1. Taking the Cα centre of the chain as origin and charging only Cβ (+1 Lys, Arg; -1 Asp, Glu), how large is the dipole, in debye to the nearest 20?
2. Using the alpha-carbon centroid of each, what span in Å lies between the stretch 137-174 and the stretch 73-130?
3. If I fit a long axis through the Cα atoms of helix 109-120 and take the longest principal axis of the Cα atoms of the chain, what angle between them do I get, 0 to 90°, rounded to 10?
4. Taking the dipole about the Cα centre of the chain, with the C-beta of Lys and Arg at +1 and of Asp and Glu at -1, give me whichever of 55, 189, 37 is farthest to the positive side.
5. In the structure displayed, which of 8/31; 31/111; 46/144; 8/66 lie more than 31 Å apart, Cα to Cα?
6. If you take the square roots of the eigenvalues of the alpha-carbon gyration tensor of the chain and sort them as a ≥ b ≥ c, do you get rounded (a/c under 1.5), prolate (a/b over b/c) or oblate?
7. Counting other beta carbons within 10 Å of each Cβ, put 35, 22 in order, fewest first.
8. Please order 26, 176, 86 by the number of other Cβ within 10 Å, starting at the fewest.
Amino acid sequence: MDSVKPGKIPTMVDIARLAGVSPMTVSRAFKSDASVSEETRARILKVAEDAGYVFDSMASGLRSQKTGFVAVTIPSINNANFAETVRALTDKLREGRLQVLLGYTDYAVEKEEELIASLLSRRPEAIVVTGGNHTSRTRRLLEKAGVPVIETWDLPANPIGHVVGFSNAAAAKIMVEHFVARGYSRIGFIGGDESRDSRGLNRRRGFVEALGEHGLDTTRLVASGP
């Protein structure tokens, strides 16, 4: 039986020869193209598996202008909230045969700028960023990216593209309203490093504003920082 020579990395041409089809048919089979019958696709995939062939989706993407990647930026890989966001994105994108290209900014807009430039050089099909606070260069890069841009975990006044988020200030106000409605008047707030996290700063602003609206003490600040 014909096979790939030992020690040789199998190519699409090899798989086409072994399966008795054209290289184009092999490519279409791996992309689940409707023009390839299920019987033919199954035969091609079996031949590929036996030969140890891995489809080069990147090379195919360069020809079709589709890379199969969606870039995602988050502030931290240690924060469970953002980890859940990435997991949900990964699960949903997998259904469309897309993969996440992940980077983290460490809550620094300057690092986000460098990261966005690097991610865009890899030609993602879309980009998901955390928050709506960016440097002017980052904003220009995203506006000129030519792919869908989604800002999350915030509700910016001037969004770049799509937004899936909420007002952090309004969320903090709702929390204060909840406690006031239950008779509490000495309400504390614990936040992060506001010099690095604009969303945290907005939450505290909403918190203080809500306290003021109810005539509660807004003057005491124990500490602000990481």
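1. Values: 30 positive and 27 negative charges, 70 e Å.
Dipole magnitude for the chain comes out near 340 debye.
2. If we compute the Cα centre of each part, the gap is 14 Å.
3. Helix 109-120 sits roughly 20 degrees off the main axis of the chain.
4. Checking the options against the dipole of the chain, the answer is 37.
5. Working: 8/31 24 Å; 31/111 35 Å; 46/144 43 Å; 8/66 28 Å.
Going by Cα-Cα distance, 31/111; 46/144 fall outside the 31 Å limit.
6. Numbers: a/c = 3.46, a/b = 2.92, b/c = 1.18.
Prolate is the answer for the chain, as a/c is 1.5 or above and a/b outweighs b/c.
7. Working: 35 9, 22 13.
Least crowded to most crowded, the residues run 35, 22.
8. On the way: 26 28, 176 22, 86 16.
Lowest count first: 86, 176, 26.
We did not get these values from a lab; they are worked out from the coordinates using the rules stated. The structure displayed is predicted, hence computed values, not measured ones. Note: ideal-geometry Cβ built from the backbone for every residue, glycine included; neighbour counts use all protein chains shown.
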